[in-house]
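The values are calculated or read from the model by the stated rules, or taken from the named source; none is laboratory data. Everything quoted here is computed from the prediction, not taken from an experiment. Please note: Cβ atoms are built from the backbone with ideal geometry, for glycine as well, and neighbour counts cover all protein chains shown.
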Amino acid sequence: MSNFAFLKEKSEYALFANDCIEAEEILKKSADSSIKLARPALDAAIKWLYLHDKKLFQNKTNPENLFALMEDNSFKIAVGKNLLRKIHACRKFGNAAIHNEKNFSTEDAVTCLNNLFDFVQWIDMRYGENYAPRIFDVDEIFTSSLLKTEICGIKMNTPVLTASGTFGFGEEFEDFVDLKRLGGVMVKCITPKPRAGNKGVRITETPAGMLNCIGLENPGVEIFLTEILPRIKNKFNVIVNISGGSVEEYGNLAKLLDVDGVAAIELNISCPNVKDGGIIFGTNAKAAAEVTAAAKKNTKKPVIVKLSPNVTDITEIARAVESAGADCISLINTLMGMEINIHTWKPTLGNITGGLSGGAVKPVAVRMVYQVAQVVKVPIIGMGGIRSAEDAVEFFLAGASAVAVGTANFANPNVTNEIIDGLENYLRKKNLNSIKEIVGKIK
Ligand SMILES: Cc1cc2nc3c(=O)[nH]c(=O)nc-3n(C[C@H](O)[C@H](O)[C@H](O)COP(=O)(O)O)c2cc1C
């Protein structure tokens, strides 16, 4: 229900209310057109004010001249400086939009709508009968309900997450990306002790993606808990990717991370770039199940198990971790690869081999998500080479309930938000009401 419904009930408010309701609705689709509605909405409100406030109306012969009325001293006194500044800003935005002087960003639209909300609240307080403060939440409006979802108890604004190791701890991206729109950030892998990572060249570009052998460089669980988590915990769903050298280490990490601010734990049993990076657990069904069970025993948080594509039968591992209690399965991690420098005859990467990610791995990832979806009941977070909304749709159709974007963040830090916009458009065009309607719908 619209935030302005209360105003609509009163015929006097109707003019203003209708414009505002429309602005709110349209804002969900296009920032620019909602700003166009800001000016008429404000004008209507100001006119209404003058007509209903006897003091303001005194000696005014021409209430149609709204701008002059806004400049009037009694109006200025009535609405107060701060609010007046906002009304002016809002009107200026509307003016510019109407005359097409400027292209507007979503941020401009948010500012504009917030200003309108403030003015509506003020009108309520001054003139509304049975005034009860209403909560206007622009964030709520900006997160379309089409994409809202819930995965193993974690409420997500959208089913688009960022993949571990490609998005730091999220905070590094807050100037470029609207983090609130993400379903969560799967943070860089955390190990029991700090790690410096591998030596030498650690990343090289490939024709459709990249090879990396970072080697799980991270500050260790203690620094993560004391310094990093407090900074990021209220900004998005924090999903902590962990890796240990033994079953016990996975269990201990899960226990340490069973704290406020952690939405879920993702077990990285699939890093191909270090000896103790979990891949020995991820390529053996029995070991994968043991690690999963150890983590489950030590935490109340949902446990997501991240599978390696470097196996013959992915469904065997998926079944094993589900039976051991995994709440969710994510896949795929990188595919083992290698590049040789033909001039030096040496491997390009310091670690000799590395993990292949990006566009090239997408068909492998879609195939594996599809196969796993046939044999497990737990939700799947699909990833591997997603660069666009169209790519993401393939994963949903294959059976993923959410997707994570990795390598594409390097080329375009805002790619996740663009994918979210693209998914909304896709659902609208198809007349669908929720992303859930396409999960596993491959024919
Ligand atoms: C530079 C880099 C670092 C990564 N670090 C991790 C990591 O720490 N833990 C993990 O589980 N996966 C890690 N991954 C794998 C990604 O999370 C993801 O599973 C994989 O890259 C496939 O997705 P993409 O093709 O969209 O990148 C890393 C990938 C890259 C490219």
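Residue pairs whose Cβ atoms lie under 7 Å apart, separated by 6 or more positions or on different chains, with the first residue in segment 397-417 and at pLDDT below 95 and the second outside any helix (DSSP H, G or I) and more than 8 Å from the ligand (Cβ to nearest atom), are Pro413/Phe176; Pro413/Val177; Asn414/Phe176; Asn414/Val177; Asn417/Val177; Asn417/Asp178.
Counting only residues that are polar (S, T, N, Q) and surrounded by 13 or more Cβ atoms within 10 Å (Cβ to Cβ), give me the helices (runs of 4 or more DSSP H) lying completely in segment 41-111 with at least 2 of them. Those helices (runs of 4 or more DSSP H) do not exist here; none qualify. Which residues, taken from segment 327-350, are assigned to a loop (DSSP other than H, G, I, E, B) and either surrounded by fewer than 20 Cβ atoms within 10 Å (Cβ to Cβ) or touching a Leu at 6+ places or on another chain (Cβ under 8 Å) (or both)? Ile332, Asn333, Thr334, Glu339, Ile342, His343, Thr344, Trp345, Thr348, Leu349, Gly350, listed by residue number. When the residues of segment 381-409 are filtered to those that are more than 13 Å from the ligand (Cβ to nearest atom) and surrounded by 23 or more Cβ atoms within 10 Å (Cβ to Cβ), which remaining residue is nearest to Asn241 (Cα to Cα)? Restricting to residues being more than 13 Å from the ligand (Cβ to nearest atom) and surrounded by 23 or more Cβ atoms within 10 Å (Cβ to Cβ), the top hit is Ala402. Being touching a strand residue (DSSP E or B) at 6+ places or on another chain (Cβ under 6 Å), assigned to a strand (DSSP E or B), modelled with pLDDT of 95 or more and away from the ligand (no atom under 11 Å from the Cβ) is a property that holds for Ile265. Of note, Leu253 does not satisfy the criterion of being assigned to a strand (DSSP E or B) and within 15 Å of the ligand (Cβ to nearest atom).
Which one of Lys300, Lys306 is away from the ligand (no atom under 13 Å from the Cβ) and of a type in the set (D, E, K, R)? On inspection, the qualifying residue turns out to be Lys300.
Go through the residues of segment 149-156 one by one and say whether even a single one is among the hydroxyl-bearing types (Ser, Thr, Tyr) and at pLDDT 90 or above. So far as segment 149-156 goes, yes, one or more of its residues are among the hydroxyl-bearing types (Ser, Thr, Tyr) and at pLDDT 90 or above. If the condition is being surrounded by fewer than 20 Cβ atoms within 10 Å (Cβ to Cβ) and within 24 Å of Ala263 (Cα to Cα), then segment 306-319 contributes only Arg319.
How do the strands (runs of 3 or more DSSP E) wholly within segment 147-235 filter down when requiring 3 or more residues that are within 13 Å of the ligand (Cβ to nearest atom) and farther than 23 Å from Ile438 by Cα: which remain?
Passing ranges, in order: 184-190, 203-206, 209-212.
Output yes when any residue across segment 334-349 is under 19 Å from Thr149 (Cβ atoms), away from the ligand (no atom under 15 Å from the Cβ), basic (Lys, Arg) and modelled with pLDDT of 95 or more, and no when none is. Scanning segment 334-349 turns up no residue that is under 19 Å from Thr149 (Cβ atoms), away from the ligand (no atom under 15 Å from the Cβ), basic (Lys, Arg) and modelled with pLDDT of 95 or more.
Going residue by residue through segment 148-160, is there one that turns out to be hydrophobic (A, V, I, L, M, F, W, C) and without any contact (Cβ under 8 Å) to a residue 60 or more places away in the chain? No, segment 148-160 contains no residue that is hydrophobic (A, V, I, L, M, F, W, C) and without any contact (Cβ under 8 Å) to a residue 60 or more places away in the chain. One residue is enough: does segment 285-305 have a residue meeting the conditions surrounded by fewer than 19 Cβ atoms within 10 Å (Cβ to Cβ), basic (Lys, Arg) and touching a residue at least 40 places away in the same chain (Cβ under 8 Å)? Yes - at least one qualifying residue is present in segment 285-305. Taking residues in segment 372-393 that are without any contact (Cβ under 8 Å) to a residue 40 or more places away in the chain, and partners anywhere that are among the small types (Gly, Ala, Ser) and surrounded by fewer than 22 Cβ atoms within 10 Å (Cβ to Cβ), the pairs with Cβ atoms closer than 7 Å and at least 6 places apart or on different chains are Arg387/Gly359; Ser388/Gly422; Ala389/Gly422.
Only one of the listed residues (Val366, Val378) is closer than 19 Å to Asp313 by Cα, touching an Asp or Glu at 6+ places or on another chain (Cβ under 6 Å), within 15 Å of the ligand (Cβ to nearest atom) and of a type outside the set (Ser, Thr, Tyr). That residue is Val366. If you go through segment 418-431 and keep only what is modelled with pLDDT of 90 or more and more than 17 Å from the chain's Cα centre (by Cα), you end up with Tyr426, Leu427, Lys430. Taking segment 188-217 as the search range and keeping residues that are among the β-branched types (Val, Ile, Thr), within 16 Å of Gly406 (Cα to Cα) and touching a Leu at 6+ places or on another chain (Cβ under 9 Å), which one is surrounded by the fewest Cβ atoms within 10 Å (Cβ to Cβ)? Among those residues, the one meeting the criterion is Ile203.
Condition test on Thr166, is it within 25 Å of the chain's Cα centre (by Cα) and at pLDDT 95 or above? It is true that Thr166 is within 25 Å of the chain's Cα centre (by Cα) and at pLDDT 95 or above.
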